[in-house]
1. If you go through the range 148-166 one residue at a time, do you hit one that is surrounded by 17 or more Cβ atoms within 10 Å (Cβ to Cβ), more than 14 Å from the chain's Cα centre (by Cα) and under 16 Å from F83 (Cα atoms)?
2. Inspect the range 127-134 for any residue being assigned to a loop (DSSP other than H, G, I, E, B), among the basic types (K, R) and without any contact (Cβ under 8 Å) to a residue 40 or more places away in the chain and give the result as yes or no.
3. Exactly one condition in (1) of a type outside the set (D, E, K, R); (2) within 26 Å of G240 (Cβ to Cβ); (3) modelled with pLDDT under 95 is not met by A47; state its number.
4. What are the residues in the range 168-183 that are under 19 Å from H196 (Cβ atoms) and either crowded, with 20+ Cβ neighbours inside 10 Å or more than 17 Å from the chain's Cα centre (by Cα) (or both), if any?
5. Tell me, please, whether a residue that is closer than 18 Å to W99 by Cβ and crowded, with 19+ Cβ neighbours inside 10 Å can be found in the range 192-207.
6. Checking D211 against (1) of a type in the set (D, E); (2) at pLDDT 95 or above; (3) surrounded by fewer than 14 Cβ atoms within 10 Å (Cβ to Cβ): exactly one of these is not met. Which one?
7. So, in the range 159-191, exactly how many residues are closer than 15 Å to M139 by Cα and part of a helix (DSSP H, G or I)?
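The values are calculated or read from the model by the stated rules, or taken from the named source; none is laboratory data. Here the structure is a predicted model, which means the values were calculated and not measured. A quick note on method: Cβ atoms are made from the backbone with ideal geometry, for glycine too, and the neighbour counts reach across all protein chains shown.
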Amino acid sequence: MRTYQTPIRLIVLLMLFSGIKAQAQLDGLLKKAKDKGGEIIEKKGGAKKTGYHAKDTGNFITGDSLIFSEDFSGTKNGAQSKFKGTVNVETVQGNSGKWLALQDKTTYKFSKAIIYPRQFTVEFDVLATGEKIKDISPMSFGFATDNSAGEYTSNAGAYVEFHYYDGDQVNFGNSSPKKFINTAFDLSNYLNRPLHVVLAVDGQRMAVYLDGQKLQEGIFFNPSVAKNFYFTAPWTYENGAKVLISNIKIYGSRK
């Protein structure tokens, strides 16, 4: 029996070594997969296609063609603009550029409807000004199914709603498909300073980024539904508070 102990031990050691090496190779593959975990990749014919949202940290691809841009630099107060009706454009102390001041009880839509590609992003800055965040009623923005701006419509279609007077509440929703999500986000921290917003749309899906943080992502649209972007101003302001918008850019992807 002793004559077989050394070969048996050698076989056991070789098996253990092989197992350790295989585990190390597996760990390496898992690490590589983890590094790419935030990237949406589709392989067709050996090519790599990256989705709009590269990572949850706010990195996203804006597309390869500019569809719409408006910073109100060439717009005079009370004049026609790229939005329906007349607009109130202002400068704000401590902030560069010109800003569209949202008139209470007013809905803003583009003067010309935009035909969006499957993948596109809408970016803009929101500036809430005032002494207290609670002086501002909720405002919303999103995509309605029509481009009519004749009456005040709040939370139409796929929408994002800032509940300013609650200080830290942001709502997301749509009536079709039926969806309502309530999320906490500190809006009071952005009183008197711009908050950058990005809506990244891919077909039926939409992701919402606030100041680089992805706050929500999911199915917000029915297939083939019309998309008409809008802003809806707060119903009321108090103590001279305002909400203003600027630096609007819409990029599409031809892929």
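1. yes
2. no
3. Here A47 clears every test but (2).
4. Hits for the range 168-183 are D168, V170, F172.
5. Yes.
6. Tallying (1) of a type in the set (D, E); (2) at pLDDT 95 or above; (3) surrounded by fewer than 14 Cβ atoms within 10 Å (Cβ to Cβ), D211 fails exactly one: (3).
7. Qualifying residue count, the range 159-191: 6.
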